[in-house]
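One structure is given below, encoded as structure tokens.
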Ligand code: ADP
């Protein structure tokens, strides 16, 4: 720079000298122009020399007005900047100078103008024609007129771009170095050859707590703990001699805290003098991580090993290694796993297969062989680690031998459990409490009627499946389970999408975390629909049994009362009859009582037998085509004398055309139904009419039996169909029955598939109605069996030849007393065999009154035998049972009809009239 400045000054000086010379020359030439013509040439030569000097200079020579306008510019401008000189002249210099540099240039110019002294070295940028900026430096000096006034300035400018760039580079390099030096984490010391600090980086001052100034000049040993300074001095000496590489003595802060460092030193030059550079590396983090590693390694409950990656030899292993594999300490270090025989071939293969390209292995299951040959199941993880430039393999092994065993047992248990669940058709489920989510297996889904593919596990879905009446029950069971940690037990119904209801039994257990917070309920459920049904049936059966037991007791109590009453009448009055001085009228009266009592008892016994049969489920139905109209007409004929004897009327209100009256039903039961109802109307009416009728409605016939009798109170209308229920029990009329008739009637109607009911008003009358299904297929069919119509006269039956078959002497006498009125001849037989024999011998017998219960051959059998050779003879079965089923049996055997014992004259006459209707 000095050289450059000198040359500029020189140049300017030269220039001024030249200018002065020129001026003086010019003055002297002008003054002596004319006078000294011979000097003209010399002047011309001098001007030429001056011009040449200017034009050939590499520097720009210029003049400016006081306002800074170019008056003259040398051609160097063009070569350095690019503009032709003509373009520059007359233009202000600020058009070409960088705006940032303008103030400086102006000040520089003003100084020259103000002081009148030349100034040197202003630096500025000039705009080149190619748009770049060139650095220039200029020196300027004032221009004066003849009077010595400054009228402008003249200057010499030189391009210094390269220099400027070199300076910039140097500056930036210095800055970079400073930044680098001060931001580096390590402690950097620059020391003189005696070990005194010349310079430090910011890390030293900041971390050791000194100002940079405090550090300059003091011995670097002061940066170490006092007790180790000597050692430090020695180590530094050794390092300088190349004996030791680094110094491990820590640094100490101004406040006395030690920082573990590793220091290295180097020789160097600082400001042209020999110096020592010290670099202390903070190793506290490394120390920490070393400690951490040691802890992880030695205190690890898992087996850890560190081996040389290249040789595979163990460098270090922890205690777990020894206890797991049973080796002694001196047996392992320096040996490879292969040499120790730890790795089975399979494990080695599995390790190779599972390691990634960096040799990393994560939780790979492997088998290791202990020294004693035991196989240990382990989870192995390994990684290659680099400590400085050495490679090691760090292996961690977790013994899962026990876990494996437990897993195997668990899997065994799980399989067993699954089998058990499957075999018992149980489903399993989990309810995650926090997530409010349910996980159901297939079986649970199907038990609850849920579609597993669409089941999301929400509570809504679960409760939706439960029968609405049972949801609260399930919620309460869950709540109890959660709050009391009791077993979750619930039995509830679920409704499947097809509407079917199923019973589910569920058991569950609450699982908590180690703090006792409920986590989940896990449980099983199974279908108990069959059990529930069986339970319900049992309950019903039990209730029925209890009721039946109660009924039986009541029944027996009632029966003994019902039988005792007429029995008392019979025995009591039979006793009175023995008295010798009774009038004939009295005798007749008592006999009547005995007869009535006997009849009543017979009715009761018949009813009891029917009820017993109904109860025992022995009552069978015998469906046959039945002509309803004929049956009702027969009944009317049968009861007419009794009704009329009471001064009442009985009639059949026939509304349905005859052709429609054939239905398929049990005729005997229909008779019994009507008989019971008609008997009651007669019993419970004092006057008026009894009406029987029916109507057809769709597939049923609606029958009714209506009277104008005493009626039945509303509250009793339902109860009268129960056994032994009598509205006014104890009064005279009801005393004639036992309260069984309507319950038998109701049972019969129901057996035939119908219903029965009553409408009644006290004092006005009652209408009993019942419906029976009619069989449409039977419609319009003529009924084969003809019922006898009553005859006007009974003369013809008095000419009959009769056979009375009866084994009991008393009964035979009774029958004889009745039939003697009709028969012209009466034969007797005591057994079925005798009866058959008698028939064989007497082909002219008109009527056989056949007892059923007899020794050797019973009445049915005898009838069948007789029918084999005699179709014509009329046979009437007579039995003590008086049951409707007997009639059917008798008919089947070949009897024409049936009559209950004891024979009643009217019934027998009526029957005989019926049978012999067409015979005469
Ligand atoms: P009972 O042998 O007493 O007649 P039932 O079972 O036939 O037994 O009838 C039960 C009771 O119903 C009768 O005791 C009577 O009080 C009442 N009852 C039945 N039929 C009639 C009727 N047609 N009019 C009035 N009361 C009747």
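The values are calculated or read from the model by the stated rules, or taken from the named source; none is laboratory data. All values derive from a computational prediction rather than experimental measurement. No Cβ is skipped: glycine too gets one built from the backbone with ideal geometry, and neighbour counts run over all protein chains shown.
Structure data summary
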{"read-out": "Among residues of the range 697-716, those that are at pLDDT below 90, crowded, with 17+ Cβ neighbours inside 10 Å and within 13 Å of the ligand (Cβ to nearest atom), counted", "value": "0"}
{"read-out": "Test set (1) over 13 Å from residue 525 (Cα atoms); (2) touching a strand residue (DSSP E or B) at 6+ places or on another chain (Cβ under 9 Å); (3) in contact (Cβ under 8 Å) with a residue 24 or more places away in the chain - residue 480 fails condition number", "value": "(3)"}
{"read-out": "Residue match in the range 352-368 (condition: without any contact (Cβ under 8 Å) to a residue 12 or more places away in the chain, assigned to a helix (DSSP H, G or I) and surrounded by 14 or more Cβ atoms within 10 Å (Cβ to Cβ))", "value": "yes"}
{"read-out": "Near pairs, Cβ below 6 angstrom, 6+ apart or cross-chain, from the range 606-622 (touching a residue at least 60 places away in the same chain (Cβ under 8 Å)) to any residue that is more than 16 Å from the ligand (Cβ to nearest atom) and not in a loop (DSSP other than H, G, I, E, B)", "value": "619/613; 621/666; 621/751; 622/666; 622/888"}
{"read-out": "Selection count, the range 97-119, where residues are touching a helix residue (DSSP H, G or I) at 6+ places or on another chain (Cβ under 8 Å) and buried (at least 16 other Cβ atoms within 10 Å of the Cβ)", "value": "4"}
{"read-out": "Single condition residue 417 does not satisfy, out of (1) surrounded by 13 or more Cβ atoms within 10 Å (Cβ to Cβ); (2) not in a helix (DSSP H, G or I)", "value": "(2)"}
{"read-out": "Selection count where residues are over 23 Å from residue 725 (Cβ atoms) and surrounded by fewer than 20 Cβ atoms within 10 Å (Cβ to Cβ), scope the range 683-694", "value": "5"}
{"read-out": "Considering residues of the range 432-454 that are more than 24 Å from residue 419 (Cβ to Cβ) and touching a strand residue (DSSP E or B) at 6+ places or on another chain (Cβ under 8 Å) only, the residue surrounded by the fewest Cβ atoms within 10 Å (Cβ to Cβ)", "value": "434"}
{"read-out": "Near pairs, Cβ below 8 angstrom, 6+ apart or cross-chain, from the range 751-773 (under 20 Å from residue 625 (Cα atoms)) to any residue that is near the ligand (Cβ under 9 Å from one of its atoms)", "value": "770/745"}
{"read-out": "The range 470-520 - residue that is farther than 26 Å from residue 536 by Cβ and touching a helix residue (DSSP H, G or I) at 6+ places or on another chain (Cβ under 6 Å) and, of those, surrounded by the most Cβ atoms within 10 Å (Cβ to Cβ)", "value": "510"}
{"read-out": "Per-region count, the range 686-706, residues over 19 Å from residue 743 (Cα atoms), assigned to a strand (DSSP E or B) and over 58 Å from the mean Cα position of the chain (by Cα)", "value": "8"}
{"read-out": "Residue in the range 685-696 that is more than 16 Å from the ligand (Cβ to nearest atom) and either modelled with pLDDT of 90 or more or in contact with a helix residue (DSSP H, G or I) (Cβ under 9 Å, 6 or more places away or on another chain) (or both) present", "value": "yes"}
{"read-out": "Odd one out for residue 633 among (1) part of a helix (DSSP H, G or I); (2) more than 16 Å from the ligand (Cβ to nearest atom); (3) surrounded by 18 or more Cβ atoms within 10 Å (Cβ to Cβ)", "value": "(3)"}
{"read-out": "Hits in the range 738-755 - residues which are assigned to a helix (DSSP H, G or I) and either more than 8 Å from the ligand (Cβ to nearest atom) or under 53 Å from the mean Cα position of the chain (by Cα) (or both)", "value": "746, 747, 748, 749, 750, 751"}
{"read-out": "Strands (runs of 3 or more DSSP E) enclosed by the range 130-224 - at least 2 residues per element that are within 30 Å of residue 65 (Cβ to Cβ) and in contact with a helix residue (DSSP H, G or I) (Cβ under 6 Å, 6 or more places away or on another chain)", "value": "133-144, 150-159"}
{"read-out": "Members of the range 613-630 found to be surrounded by fewer than 16 Cβ atoms within 10 Å (Cβ to Cβ), part of a helix (DSSP H, G or I) and more than 16 Å from the ligand (Cβ to nearest atom), listed by number", "value": "616"}
{"read-out": "Lone qualifier among 725, 720 - being within 7 Å of the ligand (Cβ to nearest atom), assigned to a loop (DSSP other than H, G, I, E, B), modelled with pLDDT under 90 and under 60 Å from the mean Cα position of the chain (by Cα)", "value": "725"}
{"read-out": "Positions within the range 768-793 being crowded, with 17+ Cβ neighbours inside 10 Å, more than 9 Å from the ligand (Cβ to nearest atom) and modelled with pLDDT of 55 or more, in sequence order", "value": "769, 770, 771, 772, 774"}
{"read-out": "Output for the range 193-206, where each listed residue is crowded, with 16+ Cβ neighbours inside 10 Å and at negative phi", "value": "196, 197, 198, 199, 200, 201, 203, 204, 205"}
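The rows are residues; the columns are (1) within 15 Å of the ligand (Cβ to nearest atom); (2) surrounded by fewer than 18 Cβ atoms within 10 Å (Cβ to Cβ); (3) in a helix (DSSP H, G or I); (4) modelled with pLDDT under 85.
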| site | (1), (2), (3), (4) |
| --- | --- |
| 638 | no, no, yes, yes |
| 642 | yes, yes, yes, no |
| 647 | no, yes, no, no |
| 655 | no, yes, no, yes |
| 659 | no, yes, yes, yes |
| 665 | no, no, no, no |
| 669 | no, no, yes, no |
| 673 | yes, no, yes, no |
| 681 | yes, no, yes, no |
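Okay, residues lined up against (1) within 13 Å of the chain's Cα centre (by Cα); (2) in a helix (DSSP H, G or I):
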residue	(1), (2)
444	yes, yes
453	yes, no
461	yes, yes
492	no, no
523	no, no
